[in-house]
1. Just to confirm my numbers, what's the Cα centroid distance between the stretch 238-301 and the stretch 161-212 in Å?
2. Quick one: accessible surface of His205, probe radius 1.4 Å, all protein chains present, in square angstrom to the nearest 10.
3. Amide H of Asp88 versus every other amide H placed in the peptide plane: which residues, excluding those fewer than 5 positions away on the same chain, fall under 5 Å?
4. Enumerate the amide H contacts of Tyr303 below 5 Å, restricted to partners 5 or more residues apart or on another chain; note that Pro and chain-start residues carry no placed amide H.
5. Could you count how many Lys pairs in the stretch 1-148 have their Cα atoms under 30 Å apart, skipping same-chain pairs fewer than 8 positions apart?
6. Name the shape class, rounded, prolate or oblate, that the alpha-carbon gyration tensor gives for the stretch 14-412, where a ≥ b ≥ c are the square roots of its eigenvalues, rounded holds for a/c under 1.5, and otherwise prolate holds if a/b is larger than b/c and oblate otherwise.
7. Determine the distance separating the Cα centre of the stretch 313-384 from the Cα centre of the stretch 78-109; give it in Å without decimals.
8. Calculate what fraction, in whole %, of the accessible area of the chain sits on carbon and sulfur atoms when a 1.4 Å probe is rolled over the protein chains.
Amino acid sequence: SETSMPKEEGLDHSLAFLREGYEFILHRRKSFQSNIFETTLLGKKAICIGGRKGAELFYDPDKFIRAGAAPNRLVKTLFGEGAVQTLDGERHRNRKGMFMSIMTRTQLQKLDQLIQREWEKASKQWEQADQINLYEESQYILMRAACAWAGVPLDDEQKRTEQMRHLFESPAALGPDYWQGRTSRSGADQWIADLVQQVRNGELHPVREGALYVFSWHRDSDGELLPEKVAAVEVLNIIRPIVAISIFIAFSALALHQFPQEKGRLQKGDGSIHRFVQEVRRFYPFFPAAIAKVKEDFHWEGYRFQEGMLTLLDIYGNNHDPHLWEQPDLFQPDRFLDWDESPFDFIPQGGGDFHMGHRCAGEWVTIQVMEVSVDFLVNRLQYKVPNQDLSYSHTSMPTMPKSQMILTDIQKVI
Ligand code: HEM
């Protein structure tokens with residue numbers, strides 16, 4: 001038997017989405033007392049789902065596809081055209097395999113060392129400075145390490161780092177900031193596409209384990225090399241999000257400041273940096289939702305899913321769902337002591353399986369880079385956090401502390 005979905009009346013709720021931001025889906029899940037409801041976004045009917053079972057459904061590749069699901073402005077800035085995010089079926093599995101092939105233990109250790117080295121170098125300079133902006137400074141650290149790891153020669157550090165920032169700051173921006181993102185996307189694509197061409201011509205010999213080399217020579221499911229521009233987009237799918245970890249680094253510094261008892265525990269060694277990092281990824285908003293389309297008609301729990309319907313998975317909401325977390329709005333790293341490791345409740349970087357689905361290819365990278373960085377902030381640096389606006393919006397995407405974390409009186413601890 002078919003039940004009708006709770007439905008939000010009214011013409012279009014895009015404005016409410018912008019106003020309520022990260023909490024849009026969770027608010028409605030609470031008021032409908034339902035993990036599934038229908039609404040209208042950007043002029044189209046859309047299903048919103050959450051909860052553990054909702055996430056499990058969303059990551060069933062027989063039920064949902066990604067082609068044509070993401071809004072165009074996301075593809076034209078954040079993802080890039082032809083990216084793994086937009087692929088389905090065998091083409092997706094092949095491309096995702098390419099990403100996962102560089103995520104080996106040895107490669108992750110290499111990145112770990114590069115990140116540590118860059119923190120060391122940068123922090124020496126900071127001792128001479130009156131103040132630093134941690135969000136910006138960490139982007140240079142991450143950019144240098146990411147390019148070295150990927151085998152990409154960094155021609156103009158400032159220009160390229162800013163391009164990466166525009167790619168993840170612009171997707172939801174208005175006017176000139178959005179167009180800046182588009183310009184940076186074409187500039188960055190061209191930069192890397194030229195390098196791919198040089199690798200293929202034998203003019204450039206990057207490290208063989210890095211993304212530039214591996215992606216330049218990868219063959220897709222038809223046995224063909226990727227078009228230069230697509231290979232470039234995928235190399236940028238490694239470099240750009242590593243630079244975006246700066247957002248989580250700023251939030252980590254905020255958490256250390258706002259929850260000094262947790263910082264104290266980490267300094268004394270009776271807290272765990274891993275659990276702290278997990279809690280930062282759960283607690284602070286980053287991606288609001290993942291988006292897909294119904295592959296073909298099906299029924300689930302009595303509800304009808306119609307082919308082509310947009311479906312949003314409540315990423316932020318699952319991380320703050322009171323049915324999944326005790327007191328979700330408290331910052332408590334120790335909640336991860338007895339977390340059951342379900343791939344469907346804690347989903348800051350998507351859920352499900354890495355290889356078969358669209359779960360973030362860089363989740364291990366993110367955790368590791370954050371752990372190295374938090375360890376550095378806690379055990380290798382002394383600094384003060386002067387008065388500044390540390391509030392963060394729950395509607396701008398991406399969001400971060402307004403002041404971007406200004407630090408003063410920086411001293412390195414040997
Ligand atoms: C996909 C979040 C860092 C590479 C995703 C998705 C989310 C996400 C929500 C989409 C999941 C879905 O559509 O179902 C994040 C966050 C990060 C981060 C919050 C923190 C900065 C990284 C890093 C890398 C990376 C460091 C690479 C080293 C990717 C790729 C995909 C992806 C390639 C597409 C996977 C696919 O479509 O199969 N990420 N990510 N991300 N992420 Fe991340």
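The values are calculated or read from the model by the stated rules, or taken from the named source; none is laboratory data. Computed from a prediction, not measured in an experiment: that's the story for all the values here. Cβ coordinates were reconstructed from backbone atoms using ideal geometry, including for glycine residues, and neighbour counts include every protein chain displayed. Accessible surface is based on the protein model in full, side chains and every heavy atom, while ligands, DNA and RNA are left aside. Shrake-Rupley method; radii C 1.70, N 1.55, O 1.52, S 1.80 Å.
1. So the two Cα centres are separated by 25 Å.
2. Approximately 150 Å² of His205 is accessible to the 1.4 Å probe.
3. none
4. Excluding prolines and chain starts, which carry no amide H, the hits are Thr3.
5. 25
6. Details: a/c = 1.62, a/b = 1.09, b/c = 1.49.
Verdict is oblate for the stretch 14-412.
7. The stretch 313-384 and the stretch 78-109 have Cα centres separated by 21 Å.
8. Details: 8900 of 18330 Å².
Carbon-and-sulfur percentage of accessible area, whole number: 49.
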